[in-house]
Amino acid sequence: MGWRETPHVMDEYRIKGGARLEGRVAVDGSKNASLPLMAAALLADEPVTLRRVPELSDIRNMVRLLGELGCQADRDHGTVTLETVDPTLSHARYEIVRTMRASICVLGPLLARRGRASVAMPGGCAFGARPVDLHLRGLQALGAKIELSGGDIIATADRLKGATIFLGGPFGSTVLGTANVLCAAVLAEGTTLIESAACEPEIIDLAKLLNAMGAKISGAGSPRIIIEGVEQLGGTDHSVLPDRIVAATYAVAAAITNGTVVLDDFPYDSLIAVLEILKAVGVHVDRLDENEPVTCCSVRISSERRLRPAIITTQPYPGFPTDIQAQMMTLLCLADGNSIITEKIYPERFMHVAELTRMGAQLFRQGPTVVIQGVPQLKGAPVMASDLRASASLVLAGLVAEGETTISRVYHLDRGYVRMEETLAALGARIERVNPVHDDVDAGADQPVPVIETFAGRGAKVGS
């Protein structure tokens, strides 16, 4: 059974602020884990089944890309079974790669399993360039020959050989680079040592999948990963870990509206840095059952009526995540006093600053740092989404702003949040998804009825 198609790119959110969020939702599976996991299925000689895969546009694009690489996908309500049916295909075209940077993670699996990979060079994004030189350096260390032709990265190798590889970069370790090298090394001859590997939970989840397929990986989650190469990998059945960025976003949504929300499948131990900041600001994250594993538990989110300022610096995991910077900035807009956020991962990742300012926020940027002067109230306004997490920050602002907020280009949100408007509406938010092009059609003419979807009162659960 297929998933709901991506809504129209002209869709927008209309939010009437001031409603407190109340209720209970479950956190969906991680997008950032699912994409490399799906790419890793290219390594297997047997079907690989992934559960709790979120129904997102990025996931649909990865399914489409894998299909062009001879890997067939069977999808059914958050479960994806992937099986290679044509191992001769190896070209990831620009038309698909440009839709999501994570497409680059097919490079390592294709090279290791098929001896050749041709992957379009991914571009930048709204908040700056993200080069792939560390990916290529790691694959070259394993013995790959790398060329650039017609905008495509062409990697070839008869049989990769284990090596010691350093993956540190100017802004820390590379998560997708670590995933690429890890996937390539599992079928390499001999032992591979990755130094300065990314420590993110998504890398741990990838290593868990690969080991279940027959790989021999140790040290995932630490800066040093050791891989003993094997001849081949088989199939497995794997459940994707919860999405820590989605979990944090909904925690902030509860806090900013002074609501009380229970989040199930909350990845507590993956968000320690965020939880420390939330506690300092005046947000309570209380575990409901101390006997539940901290990897996936239920928590109650509530907040004090007066929020305190904070000083935040984004860092590689386990530091404060760059993907939660924009959401936290929105929360701090309402704190009593001045807060400071410094972006160390993507210094240009401040597209949301101008839009929050339109809503009455007092923000002052100097290079990679923004000073936030707390205000008593944000004001509703028409704003424009620029990237995934910036879009989420504008939704959070709209939830608490006085009056109505209209957010255009919400297709960005469809990349990382499963029907966010339904989830928030089920918690009591006054939010609707509309298509302004259809709204302008004269209802009296021989035209379709205007399309306006509202979801208040409808039950929603974020998860499979």
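Read-outs: derived from the displayed coordinates by stated rules, not from any lab. Being a predicted model, the structure only gives us computed values, none of them experimental. When we count neighbours, we look across all protein chains shown, and the Cβ atoms used for this are built from the backbone with ideal geometry, even at glycine.
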With +1 at each Lys and Arg Cβ and -1 at each Asp and Glu Cβ, the charge dipole magnitude of the chain around its Cα centre, to the nearest 20 debye, comes out at 940 debye
If you place +1 on the Cβ of every Lys and Arg and -1 on the Cβ of every Asp and Glu, how big does the dipole about the Cα centre of the range 31-239 come out, in debye to the nearest 20? 380 debye
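Quick check on the chain: of the DSSP beta bridges with both residues there, what percent are antiparallel, nearest 5%?
Taking every DSSP beta bridge with both residues in the chain, the antiparallel ones total about 70 percent.
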For labels at Gln72 and Arg365 in the simple 7 Å Cα→Cβ model, what's the distance in nm? 4.8 nm
Students often check this: by mean Cβ neighbours within 10 Å, which of 96-106, 324-334, 404-414 ranks highest, and how do the rest follow? 324-334, 96-106, 404-414
Among Phe266, Phe350, Phe166, which comes first, then next, by fewest other beta-carbon atoms within 10 Å? Phe166, Phe350, Phe266
Positive-end extreme of charge dipole, the range 31-239 - chosen from Ala197, Ala184, Gly70 (charges on Cβ): Ala197
Roughly speaking, what is the centre-to-centre gap between the range 309-360 and the range 163-225 when only Cα atoms are used, to the nearest Å? 29 Å
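Just want the ordering: Ile165, Ile272, Ile226, from fewest to most Cβ atoms lying within 10 Å of their own Cβ.
Lowest count first: Ile272, Ile226, Ile165.
Place the peptides 283-295, 173-185, 189-201 in order of packing, highest mean first, counting for every residue the other Cβ atoms within 10 Å and averaging per peptide.
Top to bottom by mean Cβ count within 10 Å: 173-185, 189-201, 283-295.
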Of [x] 52; [y] 57; [z] 34, the label for percent of Cα pairs over 34 Å apart derived from the coordinates: [z]
Positive dipole terminus of the chain, leading residue within Ala273, Met420, Val261 (C-beta point charges): Ala273
Express the C-alpha Rg of the range 8-93 as a ratio against the empirical globular expectation 2.2 N^0.38 Å, rounded to two decimals. 1.40
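If you stretched the chain out fully between Ile272 and Val437, how much longer would it get, using 0.36 nm times the residue separation minus the C-alpha to C-alpha distance?
Fully extending the segment from Ile272 to Val437 adds 55.1 nm.
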Taking Asp205, Asp152, Asp74 and counting other beta carbon atoms within 10 angstrom, the fewest-first order is Asp74, Asp152, Asp205
Computed FRET value (nearest 0.05) for Arg116 with Thr295, which takes r as the C-beta separation and R₀ as 22 Å: 0.05
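Report the full-extension gain for the segment Asp45 to Thr88: residue separation times 0.36 nm, less the Cα-Cα distance, to one decimal in nm. Don't jump to the answer; show the numbers that get you there.
Values: separation 43, 0.36 × 43 = 15.48 nm, distance 1.36 nm.
Additional length available on full extension: 14.1 nm.
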Using just the helices of the chain, give the 222 nm mean residue ellipticity in deg cm²/dmol: DSSP H runs with n ≥ 4 each add -39,500 (n - 2.57), and the total is spread over all residues, rounded to 500. -8000 deg cm²/dmol
